[in-house]
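J.: Just passing along the structure, written as structure tokens.
Derivation of every value follows stated rules applied to the coordinates shown; laboratory data play no part. Everything quoted here is computed from the prediction, not taken from an experiment. A quick note on method: Cβ atoms are made from the backbone with ideal geometry, for glycine too, and the neighbour counts reach across all protein chains shown.
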Amino acid sequence: MSLRIIAIAATVMLSACATISEETRTPAVLEGGFYGGERYELRTRLLEGPNGTYSQTSVVYRGLARTCILDSPNDCELKARNLIDEYNETRF
């Protein structure tokens, strides 16, 4: 099973079980490296589910999104680089 299918299935499962009560979007820019200067967005959602409230952070680039761990050093930036790379591969 590919990573893309797993990500889509996880998104569907989360949306079926939780309601988005709040969403914030923060612009960000990659620094250095091959994709230095590329702009992306950090999207943080506050979700209300059957077991309480929790937050989910995602990197969003040109309509594609990947969940990341905001408190983990460089996790969101790494996900952004991978997402930009994936977008560029599918474009060509």
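J.: Can you figure out the FRET efficiency of Glu86 with Asn51, using R₀ = 25 Å and their beta-carbon distance, to the nearest 0.05?
T.: The calculated FRET efficiency here is 0.20.
J.: Another question about this same structure. Assuming 0.36 nm per residue, please report the length gained on full extension of the stretch Ser21 to Val60 beyond their Cα-Cα distance.
T.: 12.1 nm
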